[in-house]
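**Student:** Quick one: this structure, given as structure tokens, is what I'll be asking you about.
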Amino acid sequence: MVPECCRSSAELHDFQLKLALAIQNGLDGAILASCGMCKSACLYVPVKAAILRHREALMILVVPTKALSEDQAKSANARGLRAVAINRDTMRAALNETPPRKLLNEVETGLWDLAKQTLVSSGLLVSSRTVGCTLL
């Protein structure tokens, strides 16, 4: 059964369900689908299942652009998953809040529980600022 949070206005396509189940069972998989085919839903199902089983999960998606990371976080949050986009802009904005927030620390402590799904721009991974940061 597909958790309600992983559905949008339509049911999952067969390719989404097959890949989601493969990921959940620890298998590798790949899909080739056009824009707007909701490829991300393939990732939400196993993460939500892990949350239901273990009460927490962590998924890190490495995406090529800041805009995509922010869109992905928004989409995951709209489906009931707590996600954050982490890139130079969001980290700077969080540090300028009162009180200041450190997004990577929030991920480490479990604030983003799928829900700890964390979306990271690929440029951040090669930054000297991330030395010592463990990304699982």
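**Student:** Across the stretch 37-62, what is the total count of residues that are out of contact with any His (no Cβ under 9 Å at 6 or more places or on another chain) and not in a loop (DSSP other than H, G, I, E, B)?
**Tutor:** 18
**Student:** Is at least one residue of the stretch 53-66 polar (S, T, N, Q), modelled with pLDDT of 80 or more and closer than 30 Å to residue 11 by Cβ?
**Tutor:** Yes, the stretch 53-66 contains at least one residue that is polar (S, T, N, Q), modelled with pLDDT of 80 or more and closer than 30 Å to residue 11 by Cβ.
**Student:** Do any residues in the stretch 18-38 that are without any contact (Cβ under 8 Å) to a residue 12 or more places away in the chain have Cβ atoms under 8 Å from those of residues that are part of a loop (DSSP other than H, G, I, E, B), where the two are at least six apart or on different chains, and which pairs are they?
**Tutor:** 18/29; 22/28; 22/29
**Student:** Every residue in the stretch 14-36 that is of a type in the set (A, V, I, L, M, F, W, C), outside any helix (DSSP H, G or I) and surrounded by 10 or more Cβ atoms within 10 Å (Cβ to Cβ), please.
**Tutor:** Scanning the stretch 14-36 gives 31, 33.
**Student:** Filter the stretch 63-80 down to residues that are loosely packed, with under 14 Cβ neighbours inside 10 Å and outside any loop (DSSP other than H, G, I, E, B) and give me whichever is nearest to the chain's Cα centre (by Cα).
**Tutor:** 74
**Student:** Taking into account only those residues within the stretch 95-115 that are surrounded by 17 or more Cβ atoms within 10 Å (Cβ to Cβ) and touching an Asp or Glu at 6+ places or on another chain (Cβ under 9 Å), which is farthest from residue 46 (Cα to Cα)?
**Tutor:** Residue satisfying both the conditions and the ranking: 112.
**Student:** Restricting the stretch 81-96 to residues that are of a type in the set (Gly, Ala, Ser) and in a helix (DSSP H, G or I), which is nearest to residue 108 (Cα to Cα)?
**Tutor:** Filtering first and then ranking leaves 94.
The values are calculated or read from the model by the stated rules, or taken from the named source; none is laboratory data. Because the structure is a prediction, the values reported are computed rather than measured. Please note: Cβ atoms are built from the backbone with ideal geometry, for glycine as well, and neighbour counts cover all protein chains shown.
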